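Undergrad: A single structure is presented below for examination.
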Amino acid sequence: MRHLARGLATALLLSAIAATGCYQPHAADCQLACVEGTRCPTGFTCRADGYCHAPSDTALCASDAAPPDVTVDDPDAAIAPATSLAAGARHTCAVTDGRLTCWGDNARGQLGPGRGVYEPAPREVAITSGGAVTSDWTQVAAGREFTCGRRGGGVFCWGADESGQIGQVATPVVAIPTQVTLPAAATDLCTGGHHACAVVAGTVHCWGDGSAGQRGDASAAIAAHTPRPIASARTDWTDVACGDAHTCARAGGDLYCWGALGNQRLGRPATAADHDRPTTTPALVSAGRYALGASHTRAAT
């Protein structure tokens, strides 16, 4: 049923494109970027303006629209390796040579400012709506429908913000990368379904959704629009990882987890009462590498 519904939605989208030429849900942005030699949807042609057009559309996309920076990979060209890569529910981002690019779904602004409803190829994330980009990104993390990145010790987030996961007063969408107020420079970062966490001067701060205890601040508040320290007196936290509704972090070589209990993702009984604050278990002591999925945790001890 999901595939059928998606197919019907796509058909409706293409019908809208055919009726209006350039698909422009935003006043100044043409959509469906392409370059010569790449495929447009069936029945559409890649024109000189870099966008897919219906046969009946005789006009090029608006001249003041930002030209797409889609490129065709040269198989013989050297490709710089990505130093950070992250995937959300329907979008992906990567840091390469300090430059941050994102692609995929953009229905909630998770690709950054000046982007269409989706982008088929990587495009650089601009810090402002004026199009300024930077080359000092060090890490990117993708939540369900939002994105956070780390640059110069600062953490920036953008996209869906209904639970405060952008670190701002709740608004439906924050499309421009917005700096999160933290007490010191961040050294690690993660995003979950609707929450985010950062390691700051040996402590861990989390913000956004806490309905399952995934912020680790022992708070009953469902949403936190500003970062809160986790409920721990330790100051030797080194790294953090987020699942959809749970979080794990490492301190003194030991792994602690908190948040949703379902599927035993925290490594302890589903009846545990301390899921809203960091707690370790014998199975996770002295963990080496670890990773979190939507509803599970893996660790190498």
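The values are calculated or read from the model by the stated rules, or taken from the named source; none is laboratory data. Here the structure is a predicted model, which is why all the values come from computation and not from measurement. Cβ placement follows ideal geometry from the backbone for every residue including glycine, while neighbour counts extend to all protein chains displayed. These accessible areas exclude ligands, DNA and RNA; they are computed on the full protein's heavy atoms, side chains included. Shrake-Rupley method; radii C 1.70, N 1.55, O 1.52, S 1.80 Å.
Undergrad: Based on what the data block shows, is residue 240 within 20 Å of residue 86 (Cβ to Cβ), open to solvent by less than 20 Å² (accessible area, probe 1.4 Å), touching a Phe, Trp or Tyr at 6+ places or on another chain (Cβ under 6 Å) and of a type in the set (Val, Ile, Thr)?
TA: On the way: within 20 Å of residue 86 (Cβ to Cβ): yes; open to solvent by less than 20 Å² (accessible area, probe 1.4 Å): yes; touching a Phe, Trp or Tyr at 6+ places or on another chain (Cβ under 6 Å): no; of a type in the set (Val, Ile, Thr): yes.
Considered against the rule, which asks whether it is within 20 Å of residue 86 (Cβ to Cβ), open to solvent by less than 20 Å² (accessible area, probe 1.4 Å), touching a Phe, Trp or Tyr at 6+ places or on another chain (Cβ under 6 Å) and of a type in the set (Val, Ile, Thr), residue 240 comes out as no.
Undergrad: Applying the selection to segment 101-134, what residues are under 30 Å from residue 247 (Cβ atoms), part of a loop (DSSP other than H, G, I, E, B), of a type outside the set (Val, Ile, Thr) and out of contact with any Ser or Thr (no Cβ under 8 Å at 6 or more places or on another chain)?
TA: Once the filter is applied, which keeps residues that are under 30 Å from residue 247 (Cβ atoms), part of a loop (DSSP other than H, G, I, E, B), of a type outside the set (Val, Ile, Thr) and out of contact with any Ser or Thr (no Cβ under 8 Å at 6 or more places or on another chain), segment 101-134 yields 106, 107, 108, 109, 115, 126.
Undergrad: When you look at residue 90, is it of a type in the set (Lys, Arg) and within 10 Å of the chain's Cα centre (by Cα), yes or no? Talk me through it step by step, then tell me what you get.
TA: On the way: of a type in the set (Lys, Arg): yes; within 10 Å of the chain's Cα centre (by Cα): yes.
Here the answer is yes, as residue 90 does meet what is asked.
Undergrad: Which residue pairs have Cβ atoms under 9 Å apart, sit 6 or more places apart or on different chains, and have a first residue in segment 198-221 that is assigned to a strand (DSSP E or B) and a second that is at pLDDT 95 or above and among the aromatic types (Phe, Trp, Tyr)?
TA: Hits for this filter: 198/207; 199/237; 200/237; 203/237; 204/237; 208/146.
Undergrad: A further question follows. Among the residues that make up segment 246-263, is at least one of them touching a strand residue (DSSP E or B) at 6+ places or on another chain (Cβ under 7 Å), surrounded by fewer than 24 Cβ atoms within 10 Å (Cβ to Cβ) and under 16 Å from residue 165 (Cα atoms)?
TA: No, because not a single residue in segment 246-263 is touching a strand residue (DSSP E or B) at 6+ places or on another chain (Cβ under 7 Å), surrounded by fewer than 24 Cβ atoms within 10 Å (Cβ to Cβ) and under 16 Å from residue 165 (Cα atoms).
Undergrad: Here's something else I'd like to know. I'd like to check something: does segment 250-262 contain any residue that is outside any loop (DSSP other than H, G, I, E, B) and within 18 Å of the chain's Cα centre (by Cα)? Spell out how you get there, then give the answer.
TA: Of all residues in segment 250-262, those outside any loop (DSSP other than H, G, I, E, B) come to 250-251, 254-259, 262.
Right, trim to within 18 Å of the chain's Cα centre (by Cα) and you get none.
Among the residues of segment 250-262, not one is outside any loop (DSSP other than H, G, I, E, B) and within 18 Å of the chain's Cα centre (by Cα), which makes the answer no.
Undergrad: Take residue 296 and decide whether it is at pLDDT 70 or above and closer than 21 Å to residue 144 by Cβ.
TA: Details: at pLDDT 70 or above: no; closer than 21 Å to residue 144 by Cβ: yes.
Taking the combined requirement at face value, the residue does not satisfy it.
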